[in-house]
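The structure under discussion appears below in the form of structure tokens.
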């Protein structure tokens with residue numbers, strides 16, 4: 001049984017509102033909005049059964065945690081720990097961000113572009129803030145996860161440490177530090193399959209629907225490209241755990257309803273272009289969503305079709321296990337090693353999916369005009385794209401969850417030449433109303 005971890009960022013603080021750098025300074029306190037949003041998080045999590053509740057000792061996080069704690073039914077004791085303190089930026093704390101940019105232009109550029117190399121000289125010693133925070137996140141997991149195996153725990157902390165908790169759990173490289181958005185009072189969900197060092201699944205990143213922000217934080221100014229990556233709705237084969245691959249299986253009634261809910265979820269978003277796999281299930285999902293956007297023409301690309309399972313296609317998992325037991329075990333434990341019988345391997349899927357994604361990004365970010373695109377594809381395709389953008393490899397394929405009808409939001413503020421920003425991953429709140437992905441966990 002997995003150990004579920006729900007991670008929350010603290011509410012808006014006085015330093016957040018003033019656009020000041022906080023770090024480990026403990027002067028910042030929650031604003032009225034921060035306190036109100038913490039109440040909303042508490043109401044959202046009210047009925048969950050938590051086995052442990054941890055928070056940073058810094059007062060903006062501790063205040064948030066205390067408010068949430070007061071809303072929960074039978075909560076465990078709140079445990080502040082220094083392992084959840086925010087990133088240590090001693091030379092910048094209390095400064096306005098624009099002041100830091102002006103006074104430390106090279107250092108600030110390194111901080112934003114190469115966080116893994118960013119350092120500060122403090123009292124004659126060299127300090128690497130991001131690398132140190134990453135190690136702190138690892139230490140937290142090593143100490144805490146063994147205490148709560150198979151249970152659910154809640155964490156309330158900060159922007160930087162939350163990023164490093166997620167990154168260290170999934171072995172995402174330090175270079176992606178600024179790629180993980182953490183909005184005030186957002187909710188993230190991780191699932192640990194075992195102890196430290198065993199696989200961890202990212203179920204969702206930066207959920208904000210409970211705050212009245214359904215899709216993602218407001219689009220930053222001069223954000224050149226936003227891509228809405230959607231997995232197709234459910235099919236009968238998904239529900240039955242029957243392997244689909246490139247078999248052209250249509251949506252079932254649940255899948256069409258998921259498409260409708262995704263369409264309602266995205267109807268207020270200005271969509272400039274739309275692309276899907278040529279297979280019926282993503283194409284139909286895209287067409288349902290685009291009913292709210294009649295001026296957008298759907299383009300289809302074969303490179304976005306699902307992984308070809310070859311001889312597995314059309315078979316139930318138990319049938320595959322009877323005939324290909326060892327290969328099925330490898331697929332679950334080491335997917336990068338598997339050549340599907342008369343089908344594809346993950347590296348082939350990776351090559352075509354990423355080439356297609358990069359072409360889309362380059363094409364639609366080539367001008368200064370801001371654009372938003374809808375991309376509808378499959379479980380394996382979406383996982384491959386997200387893994388690649390996170391700096392992961394085919395071996396990490398199972399670390400990213402993609403529910404039927406789920407939406408992920410990926411920004412390219414500076415276009416194709418810079419790393420993307422993940423505003424939200426695997427958002428399913430429009431489907432179930434809750435923070436957990438309740439979609440079918442069927443075969444690809």
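For this structure, a couple of remarks:
- Filtered by the rule that a residue be crowded, with 19+ Cβ neighbours inside 10 Å and in a helix (DSSP H, G or I), region 262-282 gives 262, 263, 265, 266, 281, 282.
- Residue check for residue 178: touching a strand residue (DSSP E or B) at 6+ places or on another chain (Cβ under 8 Å), surrounded by 20 or more Cβ atoms within 10 Å (Cβ to Cβ) and assigned to a helix (DSSP H, G or I): no
- If the condition is being exposed (fewer than 15 other Cβ atoms within 10 Å of the Cβ) and more than 16 Å from residue 381 (Cβ to Cβ), then region 337-353 contributes 337, 339, 341, 342.
- Test for residue 29: is it crowded, with 16+ Cβ neighbours inside 10 Å and either modelled with pLDDT of 95 or more or in the same structural domain as residue 134 (by TED's automatic domain parsing) (or both): no
- One residue alone among 326, 321, 306 is in the same structural domain as residue 390 (by TED's automatic domain parsing), outside any strand (DSSP E or B) and within 27 Å of residue 283 (Cβ to Cβ), and that residue is 306.
- Selection count, region 16-32, where residues are touching a residue at least 24 places away in the same chain (Cβ under 8 Å), over 24 Å from the mean Cα position of the chain (by Cα) and not in a loop (DSSP other than H, G, I, E, B): 3
- Applying the set (1) surrounded by fewer than 13 Cβ atoms within 10 Å (Cβ to Cβ); (2) within 24 Å of residue 421 (Cβ to Cβ) to residue 110 leaves exactly one unmet item: (1).
- Test: residue in region 183-192 that is assigned by TED's automatic domain parsing to the domain that holds residue 51, in a helix (DSSP H, G or I) and either at positive phi or in contact with a helix residue (DSSP H, G or I) (Cβ under 9 Å, 6 or more places away or on another chain) (or both): no
The values are calculated or read from the model by the stated rules, or taken from the named source; none is laboratory data. Fair warning: this is a prediction, and the values are worked out from it, not measured in the lab. Counting neighbours? That spans all protein chains shown, and the Cβs are built from the backbone with ideal geometry, glycine included.
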